[in-house]
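Visitor: Before anything else, here's the structure in question.
The values are calculated or read from the model by the stated rules, or taken from the named source; none is laboratory data. What you see is a predicted model; the values in this text were computed from it and never measured. Positions of Cβ are generated from backbone atoms using ideal geometry, with glycine treated the same way; all protein chains shown enter the neighbour counts.
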Amino acid sequence: MLEDTKTVARRSFLLGALSMALAACSTTSPSAVPSVARRPMGVPSEEELAARYAAIEDGGHQLPAVPFREIDSKFYRQRVLNTTGEPAGTVVVDTGSKFLYVVEPGGTAMRYGVGLGRAGFAWEGEGVIQWRQKWPRWKPPAEMIARQPELAKFSVENGGQEPGPNNALGARALYIFQNGEDTLYRLHGTREWNSIGKSVSSGCVRLVNQDVIDLYTRVPSKARIVVRT
């Protein structure tokens with residue numbers, strides 16, 4: 001009887017130790033799951049898209065809804081795996097695919113569809129987002145006015161174009177500098193949703209206003225930006 005009691009006690013001890021080991025494994029396993037697995041990825045649901053691109057009031061201005069169903073779904077704002085090779089905090093514009101990425105920690109990036117400048121006007125390289133502005137004034141440079149004289153009314157001397165939904169820079173503008181100099185290249189909003197995924201504007205990167213408002217919250221001043229062809 002004594003031997004049986006010792007055997008039972010030993011088995012109980014071993015089972016208890018095994019249970020503790022399994023408990024320890026189950027406790028630590030969630031931390032081994034990559035953070036990307038806990039973030040919503042890919043194209044949002046229809047309901048989310050409707051809310052994301054709905055008409056909104058911002059800064060005293062009314063922005064109309066974006067007819068997102070008429071835009072290729074790959075250009076919807078969505079979280080994707082970071083394939084840019086750049087570290088977290090970097091903004092990457094891939095002009096070939098018409099995508100803009102904000103690289104996040106943990107291997108993901110928020111991706112936006114963009115419209116780009118016509119051939120011969122695009123800028124590429126690496127710079128810094130030196131300045132950001134809500135509802136900016138648009139002041140076309142002299143070179144643009146020389147090509148399009150009708151824009152003279154919006155010149156620096158005339159005070160630029162009033163902020164608002166019809167402004168060429170839309171709801172937000174992020175200004176790119178290189179080596180301390182203004183490149184005259186901007187990330188900005190537009191009401192022309194049908195220009196997303198195309199090359200139509202004079203040299204800048206345009207996003208629908210609802211997307212540029214979101215972008216503004218994710219990109220701090222002095223962020224590094226890389227524009228690739």
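Visitor: Is it the case, given these coordinates, that Phe154 is aromatic (Phe, Trp, Tyr), touching a strand residue (DSSP E or B) at 6+ places or on another chain (Cβ under 6 Å), more than 30 Å from Glu46 (Cα to Cα) and assigned by TED's automatic domain parsing to the domain that holds Lys198?
Guide: yes
Visitor: For Asn166, only one of the following conditions fails: (1) crowded, with 19+ Cβ neighbours inside 10 Å; (2) part of a loop (DSSP other than H, G, I, E, B). What is its number?
Guide: It fails just one condition, (1).
Visitor: Do we find that Ala122 is outside any loop (DSSP other than H, G, I, E, B), small (Gly, Ala, Ser) and either in the same structural domain as Thr183 (by TED's automatic domain parsing) or touching a residue at least 60 places away in the same chain (Cβ under 8 Å) (or both) in this structure?
Guide: no
Visitor: With the requirement that a residue be among the small types (Gly, Ala, Ser) and assigned to a loop (DSSP other than H, G, I, E, B), what does region 181-229 give you?
Guide: Residues satisfying the conditions are Gly197, Ser202, Gly203, Ser221.
Visitor: Can you name every residue in region 135-161 that is of a type in the set (D, E, K, R) and either in contact (Cβ under 8 Å) with a residue 40 or more places away in the chain or over 25 Å from Tyr216 (Cα atoms) (or both)?
Guide: Glu143, Arg147, Glu150, Lys153, Glu157 - these are the residues of region 135-161 that are of a type in the set (D, E, K, R) and either in contact (Cβ under 8 Å) with a residue 40 or more places away in the chain or over 25 Å from Tyr216 (Cα atoms) (or both).
Visitor: Quick one: which of Gly159, Gly197 is among the small types (Gly, Ala, Ser) and in contact with an Asp or Glu (Cβ under 9 Å, 6 or more places away or on another chain)?
Guide: Gly197
Visitor: Any idea which of Gly85, Gly170, Gly164 is free of Cβ contacts under 8 Å to residues at least 24 places away in the same chain, assigned by TED's automatic domain parsing to the domain that holds Phe68 and on the phi > 0 side of the Ramachandran plot?
Guide: Gly85
Visitor: Which condition breaks for Leu100 when tested against (1) surrounded by fewer than 15 Cβ atoms within 10 Å (Cβ to Cβ); (2) assigned to a strand (DSSP E or B)?
Guide: (1)
Visitor: How many of the residues in region 138-154 are part of a helix (DSSP H, G or I) and not β-branched (Val, Ile, Thr)?
Guide: Adding up the residues that qualify gives 11.
Visitor: I would also like to ask the following. Residue check: is Arg39 charged (D, E, K, R), surrounded by 12 or more Cβ atoms within 10 Å (Cβ to Cβ) and modelled with pLDDT under 95?
Guide: Yes, satisfied.
Visitor: Continuing with this model, one more query. Which condition does Thr217 not pass, out of (1) surrounded by fewer than 24 Cβ atoms within 10 Å (Cβ to Cβ); (2) among the hydroxyl-bearing types (Ser, Thr, Tyr); (3) touching a residue at least 12 places away in the same chain (Cβ under 8 Å), if it passes all the others?
Guide: The number of the failed condition is (3).
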